[in-house]
Amino acid sequence: MTALIDAEIARQSVKSEDVQEAIEQLQSEYVDDFEGYPASCGKWNRNIDLAIAALQEYRPCAKVSEGLPPENELRNGMVLAWSTELDEWQVENWGYVENRPDDYTHWKPLPEPPEGE
């Protein structure tokens, strides 16, 4: 499933403004009473919270041709880059990706590392 989502993201460019608009629309869907079934409200609102959390974690991809990622989106010079040769995301050094525009078409920041236990 993740591969399908990443493939779709690679084919389209979702803007941060679109993600923020979707979050705002979801927030407007919170309910206090769901057609007389208050128990359903909690489940509905939890699903909205889950969708908002997923959208907040979403990082849109950018075209390599559009240039260098902002410094705060590079971790040790590394990015997640879409390899046209392998047809998958690869962790690569930005300098390598930038100099191979035929091999790498899009990039996005690496996800945050997991929190320590």
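Condition test on residue 85, is it at pLDDT 85 or above and assigned to a loop (DSSP other than H, G, I, E, B)? Yes; evaluated as a whole, the condition is true for this residue.
If you filter the stretch 70-104 down to residues that are of a type in the set (Val, Ile, Thr) and over 16 Å from residue 59 (Cα atoms), you find that the one that is surrounded by the most Cβ atoms within 10 Å (Cβ to Cβ) is 97. For the stretch 19-41, a residue qualifies if it is modelled with pLDDT of 75 or more and assigned to a helix (DSSP H, G or I), and the qualifying residues are 20, 21, 22, 23, 24, 25, 26, 27.
The values are calculated or read from the model by the stated rules, or taken from the named source; none is laboratory data. These figures come from a predicted structure and were not determined experimentally. So basically every Cβ, Gly included, is an ideal-geometry build from the backbone, and we count neighbours across all protein chains shown.
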